[in-house]
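Some notes on the structure that comes next.
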2 protein chains.
Amino acid sequence: MNQSDHITRTAAIIGGGVIGGGWAARFLLNGWNVRVFDPDPQAGRKLGEVLDNARRALPSLYDTALPAEGRLSFHDTIPEAVSGATWVQESVPERLDLKRGIYRDVQAHCPPDAVIGSSTSGFRPSELQGHAARPGQIIVTHPFNPVYLLPLVEVVPSPATTPAITGKATEILTALGMKPLLVRREIDAHIADRLLESVWREGLWLVRDGIATTAEIDDAIRYGFGLRWAQMGLFETYRIAGGEAGMKHFIGQFGPALAWPWSRLTDVPELTDDLVDTIAAQSDAQSGHMTIRALERLRDDNLVGIMRALRKSGSGAGGVINAHETRLADPGPDTGPAPADLPVTARRQVPQGWADYNGHMNESHYLEAASLATDRFMGMIGADAAYVASGRSYFTVENHVRYLREVKAGEEITITTQVLRGEGGKMRLFHRLSGGDGGLSATVETMLLHVDLNKRTTAPPSGDVAARLAEYARAHARLPLPEGAGRGIGGPR
Amino acid sequence: MNQSDHITRTAAIIGGGVIGGGWAARFLLNGWNVRVFDPDPQAGRKLGEVLDNARRALPSLYDTALPAEGRLSFHDTIPEAVSGATWVQESVPERLDLKRGIYRDVQAHCPPDAVIGSSTSGFRPSELQGHAARPGQIIVTHPFNPVYLLPLVEVVPSPATTPAITGKATEILTALGMKPLLVRREIDAHIADRLLESVWREGLWLVRDGIATTAEIDDAIRYGFGLRWAQMGLFETYRIAGGEAGMKHFIGQFGPALAWPWSRLTDVPELTDDLVDTIAAQSDAQSGHMTIRALERLRDDNLVGIMRALRKSGSGAGGVINAHETRLADPGPDTGPAPADLPVTARRQVPQGWADYNGHMNESHYLEAASLATDRFMGMIGADAAYVASGRSYFTVENHVRYLREVKAGEEITITTQVLRGEGGKMRLFHRLSGGDGGLSATVETMLLHVDLNKRTTAPPSGDVAARLAEYARAHARLPLPEGAGRGIGGPR
């Protein structure tokens, strides 16, 4: 970023609604000073709400801190807001006369080499430029809500836009952590909104004709192709569907459907040999460096990662996985006294996403697996979800992990749990983690204290939980103390 | 799942291509026996490849093991495959005569209460039923590729399909970990494929007219709205865009665009008051139990989770985040000798996804943060990515985590690192993790061994790395041994 190292990091935001506010947040959190012009008396409150959301979410994307936040100021006039600004972003309602009037004011007071970007969803840049004093300075920079999180910005120059402005816009957007997509030929609604508008129009028909409700249409997207699109989009997904035979095969298979009433969009292009060749060649250029098998695995790893991420909130596919897992893990009715053998508290396959660059399980995931084994053991002694909901739980105060042998992604691991101590408010567990061949791969010793969740203080467990824990503790006391238990990380300093 | 507890878990797969193979994998990995009929001499190999992918990916979704895999067999005739089956899934090419002929054979030999599901993308169930002996048994169960991972199945009965078959299909699909979406009124291409077909047709125009390449169209999806659709879909996203004013406001704002040339789908429904009211009411029923603010946070948490998941492969938005983080974290030029003060090896915000149900950071993420701090410290002594690429690295052999104070999601944490030992192949570090107010929240003591990555054995570090590490070790030896260092998890057994 040679250029932006020397620029003044000041952005003017014209129109501070959801989109303008999102832009303001994106700039501020990346260290830019932001000047806002918006005559709405509620603008300050509204922008503050967007900024609250952004401060909560954007820094969470990164494993390192963002730069110190820039300074936010509100201004009563456009000249005051744009004077000396490096970037001016216009996000006012979709009325051409309104936008053109604003550019007149802006250009009378902003530096001639400032980027004037428009958030317009649909107007072409040449329409925006109209009779502007310096049309070359005006460009479409169309973002997606929430602007502070989604990376995409469609950058649409007209033939009159100078290459310097297009280059500067692209460079600054990249430095804001965004993904500028250059739209090489202007068209109404650019690229993404044309796709969105087609789906919106098709969706309106489905609702109007009583085929599906809004919720059913959303479900048809988020439990299915929405998950594919979040990572690959349309054409690469279809390339995979075509298999080794490739994109031509896919088109050959699904091409005839263009003539069928599968959509209200019936004005379809003819699938000439030329068009098929163009698509195949573009798809080769896009994805041809990977075999179909490699693309399948990339797609699957991404899908697993996305769906595992959605387990947290239980949204969409995440909720389906949580429900299925509850069925799978249901321990069934209580089977009586605690066994003398060590209970199996986890059996699972190591997800690809848990691997480091070598394909081996990353160190923190050993603890993640052991932590779930602790949860499972807590369930076995009656300290289950209902118990926690009643205001009591065990909190981990110490963990000691010893890594004895590498575990690979895809390997099935098993954890057994030995109670080393279980009396009063204390519970000390020793987890043994075995790999696919049964060999010991890691041990996790963990000390927990029983707490009153309301008072946030230690407290003894309920009588039932204490009794079940004591039963395990007695049975396991007959076993030898595990090798490594109680040991610290020793050696000379 | 009362019913499926008593059913015979045997599925017949008619047509074992990518879709049929995906169905076979979904059934097998959920404990069903699967019988395949496919005259293709390559069917066994092809299905084996799909099954390999499925075994790698599907179990990774869950934190517990799937049931023992069912038995897979191939059969030369349809009667042999379907006799006694509880489920028959047809996934042959989209030719009505072919499908009808298969149902004739199937119905002559399968139980009368078996579900006969069709994977058809476009035919209506009433077309499939044609002159079938028992039309009530035939239903569309339309899955999405990869069938073994994506939860969605469109379940489309015709008026002739019996409620018992629809109910049984729904129940079994749920027990397979899928999400059956009941399509209440049959229509060509059901719901999802109508939306997909509209986008496909719009996309073909963009390629044909030279507006965008296949790669640019995919980017317009996966860096932007594809991320929204993976979790919420179309209408709920737009409800949020409408803000507190709601869905009516959104339609009022974007409704006029229906008349504009924003899509090739120009046959649009009229936005009558009735239709607007219907959409608003359906949207209220779908999402009205949450405020817009709550929906925004849910959306943002999901987006952050999805994008963080994509960092692993670097696909789409994940790659943009990785690149931005590299710019943010660039330590700049070497600043000379090691400082006597403890170096800051991490400063970051705790992502919402790292929190447990209480909003506090979950135990394994303390180690994840410390592990990244170790990586950062390795970089500071020259054991960076290039060093690892040259075949040498440090491996963690032990970690000891003490949890001293709770840390909340959204809090900024800082980690400093003290070298307790750094000589020969050994490196012993002591990380102190502080919360937003600077108070000590956790300590992580970690022991690492230097290894030769090619031989997978311990080996001394390079001279440069050894020297820089020794410099830190000498400087830090002047500081007192930290409280808790070297200690094990003690106490009586």
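Among the residues of the range B:141-178, which ones are without any contact (Cβ under 8 Å) to a residue 60 or more places away in the chain, hydrophobic (A, V, I, L, M, F, W, C) and closer than 20 Å to A:Ala215 by Cβ? Result: B:Phe144, B:Leu150, B:Leu152, B:Val153, B:Val155, B:Val156, B:Leu173. For residues that are in contact (Cβ under 8 Å) with a residue 12 or more places away in the chain, among the charged types (D, E, K, R) and under 16 Å from B:Gly424 (Cβ atoms), scanning just the range B:463-482, find the one that is surrounded by the fewest Cβ atoms within 10 Å (Cβ to Cβ). Among those that are in contact (Cβ under 8 Å) with a residue 12 or more places away in the chain, among the charged types (D, E, K, R) and under 16 Å from B:Gly424 (Cβ atoms), it is B:Asp464. Among residues of the range B:408-431 that are farther than 17 Å from B:Leu449 by Cα, those with a Cβ under 6 angstrom from a residue that is part of a strand (DSSP E or B) and of a type in the set (Lys, Arg), sequence gap 6+ or separate chain, pair up as B:Thr414/B:Arg347; B:Thr416/B:Arg432. When the helices (runs of 4 or more DSSP H) confined to the range B:271-387 are screened for residues that are in contact (Cβ under 8 Å) with a residue 60 or more places away in the chain, those reaching at least 1 such residues are found at B:292-311, B:317-329, B:363-380. The numbered conditions (1) under 15 Å from A:Pro151 (Cα atoms); (2) not in a helix (DSSP H, G or I) are all true for B:Leu265 except (1). When A:Thr174, A:Thr170 are checked against the criterion of being assigned to a helix (DSSP H, G or I), among the β-branched types (Val, Ile, Thr) and within 12 Å of chain B (Cβ to nearest Cβ), A:Thr174 stands alone in meeting it.
Residue-level check: of (1) part of a helix (DSSP H, G or I); (2) more than 7 Å from chain A (Cβ to nearest Cβ), B:His190 misses just (1).
Kindly indicate which of B:Gly319, B:Gly336, B:Gly353 is surrounded by fewer than 21 Cβ atoms within 10 Å (Cβ to Cβ), at pLDDT below 95 and within 9 Å of chain A (Cβ to nearest Cβ).
Working: B:Gly319 fails: at pLDDT below 95; B:Gly336 fails: within 9 Å of chain A (Cβ to nearest Cβ).
So the residue among B:Gly319, B:Gly336, B:Gly353 that is surrounded by fewer than 21 Cβ atoms within 10 Å (Cβ to Cβ), at pLDDT below 95 and within 9 Å of chain A (Cβ to nearest Cβ) is B:Gly353.
Taken over the range A:104-123, the criterion of being within 14 Å of another protein chain (Cβ to nearest Cβ) and not small (Gly, Ala, Ser) is satisfied by A:Thr120, A:Phe123. Scanning the range B:115-137 for residues being within 22 Å of B:Gly17 (Cα to Cα) and in a loop (DSSP other than H, G, I, E, B) gives a total of 6. For the range A:193-216, filtering for residues that are β-branched (Val, Ile, Thr) and not in a helix (DSSP H, G or I) leaves 2. Counting only residues that are assigned to a loop (DSSP other than H, G, I, E, B) and at the interface with chain B (Cβ under 9 Å from one of its Cβ atoms), the range A:471-483 holds 1 of them.
If a residue has to be more than 23 Å from B:Val444 (Cα to Cα) and not in a strand (DSSP E or B) to count, how many in the range A:395-411 make the cut? I'd like the intermediate steps shown before the answer.
Of all residues in the range A:395-411, those more than 23 Å from B:Val444 (Cα to Cα) come to A:408-411.
Narrowing further to those that are not in a strand (DSSP E or B): A:409-411.
Adding up the residues that qualify gives 3.
Residue by residue, here is whether (1) on the phi > 0 side of the Ramachandran plot; (2) among the polar types (S, T, N, Q) holds:
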residue: A:Val155; (1), (2): no, no
residue: A:Ser158; (1), (2): no, yes
residue: A:Ile165; (1), (2): no, no
residue: A:Gly177; (1), (2): yes, no
residue: A:Arg184; (1), (2): no, no
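Among the residues of the range B:292-305, is any more than 8 Å from chain A (Cβ to nearest Cβ) and of a type outside the set (A, V, I, L, M, F, W, C)?
We begin by selecting, within the range B:292-305, every residue more than 8 Å from chain A (Cβ to nearest Cβ); these are B:292, B:294-295.
Of the ones still in play, those that are also of a type outside the set (A, V, I, L, M, F, W, C) are none.
Checked the range B:292-305: no residue is more than 8 Å from chain A (Cβ to nearest Cβ) and of a type outside the set (A, V, I, L, M, F, W, C).
May I ask you to list the residues in the range B:128-146 that are within 37 Å of the chain's Cα centre (by Cα) and among the small types (Gly, Ala, Ser)?
Initial filter on the range B:128-146 (within 37 Å of the chain's Cα centre (by Cα)): B:128-129, B:136-146.
B:Gly136, the sole residue that qualifies.
As an exercise: evaluate A:Glu423 against (1) of a type in the set (Asp, Glu); (2) surrounded by fewer than 20 Cβ atoms within 10 Å (Cβ to Cβ); (3) within 12 Å of chain B (Cβ to nearest Cβ); (4) out of contact with any helix residue (DSSP H, G or I) (no Cβ under 8 Å at 6 or more places or on another chain) and give the number of the one condition it does not meet. All conditions pass for A:Glu423, except number (4). When the range B:32-46 is filtered for residues that are surrounded by 20 or more Cβ atoms within 10 Å (Cβ to Cβ) and either not assigned by TED's automatic domain parsing to the domain that holds B:Ala81 or not in a strand (DSSP E or B) (or both), the ones remaining, listed by number, are B:Trp32, B:Asp38.
So which of B:Leu206, B:Leu181, B:Leu234 is assigned by TED's automatic domain parsing to the domain that holds B:Leu58 and free of Cβ contacts under 8 Å to residues at least 60 places away in the same chain?
Details: B:Leu206 fails: assigned by TED's automatic domain parsing to the domain that holds B:Leu58; B:Leu234 fails: assigned by TED's automatic domain parsing to the domain that holds B:Leu58.
Result: B:Leu181 is the single residue among B:Leu206, B:Leu181, B:Leu234 that is assigned by TED's automatic domain parsing to the domain that holds B:Leu58 and free of Cβ contacts under 8 Å to residues at least 60 places away in the same chain.
If the condition is being polar (S, T, N, Q) and in contact with a helix residue (DSSP H, G or I) (Cβ under 8 Å, 6 or more places away or on another chain), then the range A:442-466 contributes A:Thr446, A:Ser462.
Taking the criterion of being among the β-branched types (Val, Ile, Thr) and surrounded by 13 or more Cβ atoms within 10 Å (Cβ to Cβ), the residues of the range A:259-274 that qualify are A:Thr266, A:Val268.
Given A:Glu80, A:Glu94, A:Glu69, A:Glu49, which one is surrounded by fewer than 19 Cβ atoms within 10 Å (Cβ to Cβ) and modelled with pLDDT under 95? Steps first, please.
On the way: A:Glu80 fails: modelled with pLDDT under 95; A:Glu69 fails: modelled with pLDDT under 95; A:Glu49 fails: modelled with pLDDT under 95.
Matching residue, one of A:Glu80, A:Glu94, A:Glu69, A:Glu49: A:Glu94.
When the range B:436-451 is filtered for residues that are under 17 Å from A:His400 (Cα atoms) and at pLDDT below 95, nothing remains. Here A:Gly242, A:Gly246, A:Gly210 are screened, and the one residue that is surrounded by fewer than 20 Cβ atoms within 10 Å (Cβ to Cβ), more than 7 Å from chain B (Cβ to nearest Cβ), out of contact with any Cys (no Cβ under 6 Å at 6 or more places or on another chain) and of a type in the set (Gly, Ala, Ser) is A:Gly246.
All of B:Arg402, B:Arg456, B:Arg428 fail the test of being more than 27 Å from B:Tyr366 (Cα to Cα) and facing chain A (nearest Cβ under 10 Å), apart from B:Arg456. Among the residues making up the range A:64-102, those that are without any contact (Cβ under 8 Å) to a residue 60 or more places away in the chain and touching a Pro at 6+ places or on another chain (Cβ under 9 Å) are A:Ala65, A:Leu66, A:Asp76, A:Ser83, A:Glu94, A:Lys99.
The values are calculated or read from the model by the stated rules, or taken from the named source; none is laboratory data. Nothing here was measured: the structure is a model prediction, and the numbers come from that model. Glycine also receives a Cβ, built like all others from the backbone with ideal geometry; neighbour counts cover every protein chain displayed.
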